[in-house]
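A.B. asks: Here it is, the structure in full.
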Amino acid sequence: MKSWKKAMSVLVISSMATFALVGCGSSDSGTKDGGSGSKTEAAGTLDAIKKRDKLIAGVRYDANLFGLKNPGTGNVEGFDIDIAKAVAKDILGDESKIELKEVTSKTRIPMLDKGDIDMIVATMTINEERKKQVNFSDVYFKAGQSLLVKKGSAIKSIDDLKKGTKVVAVKGSTSAKNIKEKAPETEVLEFENYAEAFTALKSGKGDTLTTDNAILMGMAAQDADYVLTGGEFTDEPYGIAVKKDDKAMTDAVNAALKKLKDNGEYNKIYKKWFKEDPK
Amino acid sequence: MDFVGAYSPENLGFLMEGLMITLRVAVISIVFSFAIGLIIAVLRYARIPVLSQLLFLWVELIRNLPLLLIMFFTFFALPEIIRIDLSAEEAVILALVLFESALISEIIRGGLASIPKGQLEAARSSGLGYVQTLRFVVVPQALRRMIPPLVSQFISLLKDTSLGIIVALDDLMHNGQIIYNHDFGYVFPTLILVATIYFVINYSLSLLAGRLEKKLSV
Amino acid sequence: MSDLLDISILIDYQDVYWKGFFITLKASVFALILSFILGVIIAVFRISTVKSLRWFGTAYVEYIRNIPLLILVFVFYNGLPSIGVNLDSFMAGGLGLGIYTSAFIAEAIRAGIQSVPKGHVEAARSSGLTYLQTMRFVVLPQAIKIVLPPLGNQFINLVKNSSIFGVIAGGDLMYQADIINSETFQTVSVYLFVALFYLLLTIPLSLFVNYLERRLARAY
């Protein structure tokens, strides 16, 4: 029945889209109204979560240690997942009152904007550009960009990335952007998600893969032929993103994070995944 | 290559979950693209001034764009133009319906045009109304001729659902990716298996269509 | 619409768009040539009198036509390295796209050749023409009229399908659009402009196919 409802809405939308696109000119005023309307709506995320008694978090399915889908159990597991659950527990009193949806670097902001998800907990670096689009919580993980290479590779640091070096990265990530600035001579190959990027590195499409060290550690843990190299050459503080200008939701997430850090729960989660105490 | 590991019961089950999503998306999209394609074709066949021309432009525009681009558009751009909330699955369905309905309308229009004008005139002069003529004379004959191209279009649609991976739709192709992300030795075996699953479904569809065509032509 | 459509994207990133455009063009031409050659060979197999060739031709067409292009491209890009063959995105994408399209082209050519009445062939053979002469002077001239329009449509499909290069970092229009988008976040503008570049390739092709259809219909 649910898919039938969905189908109906798609029918309505496709006819709407047809007219909207055919009669392009007339949509001017509608767009602006819609835009401002959504902002007042945005402020209500927290209420909406409480009303439906469930928090919807956008997480990764393909980043070992942070968010990885296990085909066997059907569960998604990782540091981000545990943090998201802890936030759900703080807001709704039960960590099982959470729904996880897969996001990629490319899809996460649009999905948050559209209201598909209430928050993004997906190895997302806090930066000025993104702050124009979303609200960030306080830092919940400190990462830094690094390089992953096959054991025995000649690449030892970012200085070894020269003309002709092929660097694998993920579309829409800060690391793709950083590497183009720090090693402009290299050829950067960008893929849809970490699964495709790591597979491309393993099948020899690139000389190194660059992203945050924490994600790379997860990859190295999956395949012992690969190691991190070159140290950290950027700071990538991760934040939980919520809708732009939604102060109530931002405050709620920050309060939850603070409580986690104060009661030692954060350290436990950190140690569970990274086998060491937080830096 | 690790066929045994790649084809573990857990992984096979996970692929089946993805297959269910693929089939759901395909069936919903086929139903709506056929309905909308039929409407577009009949409206164009009826030569209603202005509307027919607009539909012509629409069909030509869509036919000349890649589906991947349309899918990006429904997922990323459309919410910025008109405020609608589409999940990955809905965005994929919408893109498939927009794209395939244009192609299907061309198939149906071709089928309608293949019915000799003389029959139309004969039906009209024997007292049938325009809509009745379409309903009882033109459409049934045309449908029979359209079955082979329509079914190959449906098969393309089913194959094209795999493009949903760009918006992280959790379909068959995507679940295959998740599996081979765990071990490089799984890549080749998983791709072969996923290809075979698509093949079995699509080939059965085309065999079924062949039978249907034979039955109707008698 | 004015705040959505930002023309400066097109101006600032015109080099990137053109770079993608030419890679799309190059990839399409490469795959087109490959698909045509393979398509002709497979079509000949399918109408051959040798049973095993016919069987191979049928198996090839049915298998390729019924699997997604994406998988074929992934097999060439990510799958082949595990048997020691490492292709770059252009070769992997080009081979995948070329082989995929060749199955459809083979079918179009086969249908065209088989549409020539058997009687014509028999008449030509009995009047002393060899098999090749019969093909050259009797069958092909008639078949080509029927084959050309669907062939043209397959080539349009091929150009559109080349967008799959975007998924394997192929540097084509679709890929560049993603890159521009992740730098500017001007989603609507970025994808609308890339649509224009695709239309620049596909509309002339479509018009040419329409023209052929009309001309050949008249020539009958």
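The values are calculated or read from the model by the stated rules, or taken from the named source; none is laboratory data. Just so you know, these numbers come straight off a predicted model, no measurement behind them. Note that we place each Cβ from the backbone using ideal geometry, even for glycine, and neighbour counts take in every protein chain shown. Heavy atoms of the whole protein, side chains included, go into the accessibility calculation; ligands, DNA and RNA do not. Shrake-Rupley method; radii C 1.70, N 1.55, O 1.52, S 1.80 Å.
A.B. asks: Place +1 on the Cβ of every Lys and Arg and -1 on the Cβ of every Asp and Glu in the protein assembly as shown, take the dipole about the Cα centre, and give the residue among C:VAL16, C:ALA108, B:ASN181 whose Cα lies farthest towards its positive end.
C.D. replies: C:ALA108
A.B. asks: Now for a different question. At 1.4 Å probe size, put A:ASP235, A:ASP246, A:ASP47 in order of accessible surface, largest to smallest.
C.D. replies: Output order, biggest surface exposure first: A:ASP235, A:ASP47, A:ASP246.
A.B. asks: Follow-up question, since we're still on this one. For the stretch A:51-158, what is the convex hull (Cα atoms) projected area averaged across all directions, in square nanometres?
C.D. replies: Values: hull surface 36.1 nm².
Averaging across all directions leaves 9.0 nm² for the Cα convex hull.
A.B. asks: What are the ³J(HN,Hα) values, in whole Hz, obtained from phi via the Karplus relation 6.51 cos²θ - 1.76 cosθ + 1.60 with θ = phi - 60°, for each residue of the stretch C:23-40 in sequence order, with x given for Gly and Pro?
C.D. replies: 5, 4, 4, 4, 4, 5, 5, 4, 5, 5, 4, 4, 5, 5, 4, 4, x, 5
A.B. asks: Per the Kirkwood formula on distinct C-alpha pairs, the Rh of the stretch C:84-138 is how many angstrom?
C.D. replies: Over the stretch C:84-138, the inverse of the mean reciprocal pair distance is 14.0 Å.
A.B. asks: With no solvent and one point on each alpha carbon, what is the Debye value of log10 I(q)/I(0) for the stretch C:14-219 at q = 0.12, 0.13, 0.18, 0.19 Å⁻¹?
C.D. replies: Reported log10 I(q)/I(0), two decimals: -0.71, -0.81, -1.22, -1.29.
A.B. asks: Between A:ALA48 and C:ASP12, what FRET efficiency comes out of the Förster formula 1/(1 + (r/R0)^6) with R0 = 41 Å and r the beta carbon distance, rounded to 0.05? Present the calculation step by step, with values, prior to reporting the outcome.
C.D. replies: Details: r = 38 Å, r/R0 = 0.93.
Once rounded, the FRET efficiency stands at 0.60.
A.B. asks: Kirkwood Rh and Cα-based Rg: tell me the resulting Rg over Rh for the stretch B:14-67, rounded to two decimals.
C.D. replies: Here the Rg-to-Rh quotient is 1.19.
A.B. asks: Counting other Cβ atoms within 10 Å, which GluC sites (Glu not before Pro) in the stretch A:95-188 have at most 12 and lie in a DSSP loop? The partial results should precede the final answer.
C.D. replies: Values: sites: A:GLU95, A:GLU99, A:GLU102, A:GLU128, A:GLU129, A:GLU181, A:GLU185, A:GLU187; in loops: A:GLU95, A:GLU185.
Taking the stretch A:95-188 and a limit of 12 other Cβ atoms within 10 Å, the loop GluC sites (Glu not before Pro) found are A:GLU185.
A.B. asks: Can you give me the long-range amide H partners of A:GLU99? Hydrogens built in the peptide plane at 1.01 Å from N, cutoff under 5 Å, separation of 5 or more residues or another chain.
C.D. replies: So A:GLU99 has HN proximity to A:LEU55, A:ILE56, A:ALA57.
A.B. asks: Moving on. What share of Cα pairs, in percent, lie more than 26 angstrom apart in the stretch C:26-136?
C.D. replies: 31 percent
A.B. asks: List the residues whose amide H sits under 5 Å from the amide H of A:ALA143, counting only those 5 or more places along or on another chain, with H placed 1.01 Å from N in the peptide plane.
C.D. replies: HN-HN under 5 Å from A:ALA143: A:GLU236, A:TYR238.
A.B. asks: Hey, another quick one. Give, in whole angstrom and from largest to smallest, the semi-axes √(5λ) of the equivalent ellipsoid of the protein assembly as shown, with λ running over the eigenvalues of the Cα gyration tensor. Kindly include the intermediate steps, with their values, before the conclusion.
C.D. replies: Details: eigenvalues 449, 189, 106 Å².
Each semi-axis is √(5λ); the values are 47, 31, 23 Å.
A.B. asks: Apply the Karplus parameterisation 6.51 cos²θ - 1.76 cosθ + 1.60, with θ equal to phi minus 60°, to every residue of the stretch C:154-168 and state each ³J(HN,Hα) to the nearest whole Hz, in sequence, with x for glycine and proline.
C.D. replies: Coupling constants for the stretch C:154-168: 5, 5, 4, 4, 4, 4, 5, 5, 4, 4, 4, 4, x, 7, 10 Hz.
A.B. asks: Using each residue's phi in the stretch B:173-187, evaluate 6.51 cos²θ - 1.76 cosθ + 1.60 at θ = phi - 60° and report the 3J(HN,Hα) Karplus result to the nearest Hz, with x for Gly and Pro.
C.D. replies: 4, 4, 5, x, 4, 4, 5, 7, 5, 6, 7, 4, x, 8, 4
A.B. asks: Based solely on C-alpha atoms, express the radius of gyration and the Dmax of the stretch B:127-218 in angstrom.
C.D. replies: 19.8, 70
A.B. asks: Using alpha carbons only, how many angstrom separate the centre of the stretch B:65-126 from the centre of the stretch A:169-237?
C.D. replies: 40 Å
A.B. asks: If you don't mind, there's one more thing I want to ask. Cα centroids of the stretch A:82-155 and the stretch C:146-220: how far apart, whole angstrom?
C.D. replies: With the stretch A:82-155 and the stretch C:146-220 each reduced to a Cα centre, they are spaced 36 Å.
A.B. asks: Mind ranking A:TRP273, C:TRP55, C:TRP18, B:TRP58 by accessible surface for me, highest first, 1.4 Å probe?
C.D. replies: Largest accessible area first, the residues go C:TRP55, C:TRP18, A:TRP273, B:TRP58.
A.B. asks: Amide H to amide H under 5 Å from A:THR211: which residues, 5+ apart in sequence or cross-chain, H placed 1.01 Å off N in plane?
C.D. replies: Residues meeting the criterion, in which the H sits 1.01 Å from N, are A:SER146, A:LEU148.
A.B. asks: D for chain B, whole µm²/s, Stokes-Einstein with Kirkwood Rh over alpha-carbon pairs at 37 °C and 0.692 mPa s: what number?
C.D. replies: Rounded to a whole number, D works out at 169 µm²/s.
A.B. asks: Right, here's the next one. Let me check something: with ligands and nucleic acids excluded, how do B:PHE199, C:PHE185, B:PHE56 order by accessible area (1.4 Å probe), largest to smallest? Write down the numbers at each step before the final one.
C.D. replies: Working: B:PHE199 45, C:PHE185 70, B:PHE56 90 Å².
Highest to lowest solvent-accessible surface, that is B:PHE56, C:PHE185, B:PHE199.
A.B. asks: Also, quick follow-up: Could you pull the accessible area for B:LEU98 with a 1.4 Å probe, rounded to 10 Å²?
C.D. replies: It works out to around 20 Å².
A.B. asks: Go ahead and collect, in residue order, the members of the stretch A:241-279 whose backbone nitrogen is under 16 Å from a label point 7 Å along the Cα-Cβ direction of A:GLU232.
C.D. replies: A:270-271, A:274-279
A.B. asks: Holding the Cα-Cα limit at 29 Å, pick out from A:LYS131/A:LYS162; A:LYS150/A:LYS268; A:LYS97/A:LYS259; A:LYS89/A:LYS150; A:LYS177/A:LYS258; B:LYS159/B:LYS215 the pairs that are longer than that.
C.D. replies: A:LYS131/A:LYS162; A:LYS150/A:LYS268; A:LYS89/A:LYS150; A:LYS177/A:LYS258
A.B. asks: Report the residues of the stretch A:78-105 in range of a label on A:ASN263: point 7 Å along Cα→C-beta, backbone N strictly under 13 Å from it.
C.D. replies: Answer for this model: A:86-95.
A.B. asks: For the stretch A:145-234, what size does the Cα cloud have along each of its three principal axes, sorted from largest down, in whole Å?
C.D. replies: The principal-axis extents, from largest down, are 30, 27, 23 Å.
A.B. asks: Express the relative contact order of the stretch B:3-217 as a whole percentage, based on alpha carbon pairs under 8 Å and six or more residues apart in sequence.
C.D. replies: 31 percent
A.B. asks: Rounded to whole Å and ordered largest first, report the semi-axes of the equivalent ellipsoid of the stretch A:91-207 derived from its Cα gyration tensor (root of 5λ).
C.D. replies: Values: eigenvalues 196, 50, 37 Å².
Those come to 31, 16, 14 Å.
A.B. asks: Against the longest alpha carbon principal axis of chain C, how many degrees, from 0 to 90 and to the nearest 10, is the axis of helix C:173-184 turned?
C.D. replies: 10 degrees
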